[in-house]
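Data first, discussion second: the structure below is written as structure tokens.
The values are calculated or read from the model by the stated rules, or taken from the named source; none is laboratory data. All values reported here derive from a predicted model rather than from experimental measurement. Positions of Cβ are generated from backbone atoms using ideal geometry, with glycine treated the same way; all protein chains shown enter the neighbour counts. The protein model used for the area step is the full one, side chains on, heavy atoms only, and it has no ligands, DNA or RNA in it. Shrake-Rupley method; radii C 1.70, N 1.55, O 1.52, S 1.80 Å.
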Amino acid sequence: MASANDTRHTQNKDAADQNFDCMFKLLIIGNSSVGKTSFLFRYADDSFTSAFVSTVGIDFKVKTVCRNEKRIKLQIWDTAGQERYRTITTAYYRGAMGFLLMYDITNQDSFHAVQDWATQIKTYSWDNAQVILVGNKCDLEDDRVVPAEEGKRLGVELGFDFFEASAKDNINVKQTFEHLVGMICEKMNESLDASPSLVSNNKGATLSEKPPQQQSGCSC
Ligand code: GTP
Ligand code: MG
């Protein structure tokens, strides 16, 4: 996986690919060990390991998807859940168009922390950012402590769509990312309809921040 410091050395085929219509910056956030890195590896590489190597700071992967005959390059940032990296990770919230806010269905603390993570999103990101609440590790039904209904209820309360998923058993991983991309596309189209010349929010961030060649022709 490419780290933030390795950006220039990334040999990843998708990362080097300049043939795309637009780029979406996405972030995965949530407590340590909920499975953020595993979720990203499953999506980008279709791989899974049961070893736990806690993320240091922030990493990213790139994946290009097609939607309505447009190529969308996803730059997916995998943040460290540990508190000590919070200053570094929140610096990456700005400009993110979508978030996966993850908890572990076998870990009550990670579920209780969702509210705090939602506050972090509100504080540091665009108002336009789309968020999906993800209850990961749904393969561990016997160890479940957070009922699916509770996740759904919290999602409704926070205004986030909700998925249960498993990086291990590859349940709802691709679907979650595809749903997030769809939500962002919808939001962009709405915003462009409302104000074709500029898509912005009250924090001064604009969808026009992307290099112009990445925006041209991008209609999801
Ligand atoms: P930080 O980097 O510290 O923030 O943690 P993280 O959220 O990136 O967690 P990570 O992906 O490293 O996963 C933590 C542990 O949970 C690892 O041992 C994974 O193998 C395991 N794990 C991740 N996803 C799943 C899942 O869907 N099911 C099961 N059973 N285990 C999982
Ligand atoms: Mg990690």
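Structure summary
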{"read-out": "Cα-projected label distance for Ser54 with Gln82, points at 7 Å along beta-carbon direction, nm", "value": "0.4 nm"}
{"read-out": "Mean Cβ count within 10 Å, highest first, over the residues of peptides 134-143, 20-29, 149-158", "value": "20-29, 134-143, 149-158"}
{"read-out": "Whether segment 10-157 is rounded, prolate or oblate, judged on the alpha carbon gyration tensor where a/c under 1.5 counts as rounded", "value": "prolate"}
{"read-out": "Which listed pairs, of Lys25/Lys168; Lys25/Lys187; Lys36/Lys187; Lys36/Lys137; Lys73/Lys137, have C-alpha distances above 20 Å, in listed order", "value": "Lys25/Lys168; Lys36/Lys187; Lys73/Lys137"}
{"read-out": "Which of Glu69, Glu178 is most accessible, then next, and so on - probe 1.4 Å", "value": "Glu69, Glu178"}
{"read-out": "Pairwise FRET efficiency - Glu190 versus Asp17, Cβ, R0 = 30 Å, nearest 0.05", "value": "0.60"}
{"read-out": "Spin-label model distance (nm) - Cys66 vs Val145, 7 Å beyond Cα toward Cβ", "value": "4.5 nm"}
{"read-out": "Interchain or long-range residues, amide H under 5 Å from Arg71's placed H", "value": "Asp21, Cys22"}
{"read-out": "Most to least packed among 57-64, 95-102 [average Cβ atoms within 10 Å]", "value": "95-102, 57-64"}
{"read-out": "Calculated SAXS-style log₁₀ I(q)/I(0) at q = 0.24, 0.30 Å⁻¹ - segment 60-112, Debye, Cα scatterers", "value": "-1.05, -1.22"}
{"read-out": "Around Leu140: net Lys/Arg minus Asp/Glu count, Cβ-Cβ under 10 Å", "value": "-3"}
{"read-out": "Charge sum, other residues only, whose C-beta stays under 15 Å from Lys168's C-beta, Lys/Arg counted +1 and Asp/Glu -1", "value": "-4"}
{"read-out": "Net charge dipole size for segment 38-81 [Lys, Arg +1 and Asp, Glu -1 on Cβ; Debye, nearest 20]", "value": "280 debye"}
{"read-out": "Segment 13-75 - percent of accessible surface contributed by carbon and sulfur, probe 1.4 Å", "value": "46 percent"}
{"read-out": "Computed over segment 96-160, Kirkwood Rh from alpha-carbon pairs, angstrom", "value": "12.2 Å"}
{"read-out": "Relative contact order [Cα under 8 Å, 6+ residues apart], segment 47-156, whole percent", "value": "22 percent"}
{"read-out": "For segment 94-193, with +1 on Lys and Arg beta carbons and -1 on Asp and Glu, the positive-most of Leu101, Asn189, Gln115 along the dipole", "value": "Asn189"}
{"read-out": "5 angstrom amide H check on Asp104, placed H, neighbours 5+ away", "value": "Ser110, Phe111, Asn136"}
